1. I'd like to check something: does segment 93-102 contain any residue that is surrounded by 13 or more Cβ atoms within 10 Å (Cβ to Cβ) and either touching a Lys or Arg at 6+ places or on another chain (Cβ under 7 Å) or not in a loop (DSSP other than H, G, I, E, B) (or both)?
2. May I ask you to say which residue of Arg56, Arg64 is charged (D, E, K, R) and either under 20 Å from Gln43 (Cβ atoms) or assigned to a loop (DSSP other than H, G, I, E, B) (or both)?
3. Taking segment 10-19 on its own, how many of its residues are exposed (fewer than 15 other Cβ atoms within 10 Å of the Cβ) and touching a strand residue (DSSP E or B) at 6+ places or on another chain (Cβ under 7 Å)?
4. Any residue at all in segment 49-57 that's exposed (fewer than 14 other Cβ atoms within 10 Å of the Cβ) and modelled with pLDDT under 95?
5. Would you check if Leu82 is modelled with pLDDT of 90 or more and assigned to a helix (DSSP H, G or I)?
6. Report yes if Asn31 is surrounded by fewer than 17 Cβ atoms within 10 Å (Cβ to Cβ), polar (S, T, N, Q) and in a helix (DSSP H, G or I), otherwise no.
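The values are calculated or read from the model by the stated rules, or taken from the named source; none is laboratory data. In this text, all values refer to a predicted model and were calculated from it rather than measured experimentally. Glycine also receives a Cβ, built like all others from the backbone with ideal geometry; neighbour counts cover every protein chain displayed.
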Amino acid sequence: MSAVWAISRFQVTGDPTGFRGTAESVVAHFNECAGSEGADLVQNLDDPGLWAIISRWRDVGSYRRAFNGTDAKLLLVPLLSLAIDEPSAYAAPAAVGENRPRGTVG
């Protein structure tokens, strides 16, 4: 099992062709990154407008490093900024430990 899973969901209205092309480029980028254990573009079975990019990573650092560099930012930020606003990174409960929301101290 991967150490970290990242799931970014998108609600796509109208023709998904442009979205799909860009999302497939993001998936290809993720698949080429060090520490990637695979990435896929998937479409919901019940709601054809609901899509997701699911990526699996060796560790959280590998996932975060996938965003480094100008080329990565130019590819990733425009698409991922359209994702449904919800937490997207997951790990096994034992690896997460005490889970505190970002920005909390203590």
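1. So in segment 93-102, the residues surrounded by 13 or more Cβ atoms within 10 Å (Cβ to Cβ) come out as none.
So far as segment 93-102 goes, no, none of its residues is surrounded by 13 or more Cβ atoms within 10 Å (Cβ to Cβ) and either touching a Lys or Arg at 6+ places or on another chain (Cβ under 7 Å) or not in a loop (DSSP other than H, G, I, E, B) (or both).
2. Matching residue, one of Arg56, Arg64: Arg56.
3. If we filter segment 10-19 for residues that are exposed (fewer than 15 other Cβ atoms within 10 Å of the Cβ), which is where we start, we get 11, 13-15, 17-18.
So of that shortlist, the ones also touching a strand residue (DSSP E or B) at 6+ places or on another chain (Cβ under 7 Å) come out as 11.
Residues flagged as exposed (fewer than 15 other Cβ atoms within 10 Å of the Cβ) and touching a strand residue (DSSP E or B) at 6+ places or on another chain (Cβ under 7 Å) within segment 10-19 amount to 1.
4. no
5. Against the criterion (modelled with pLDDT of 90 or more and assigned to a helix (DSSP H, G or I)), Leu82 does not qualify.
6. Taking the combined requirement at face value, the residue satisfies it.
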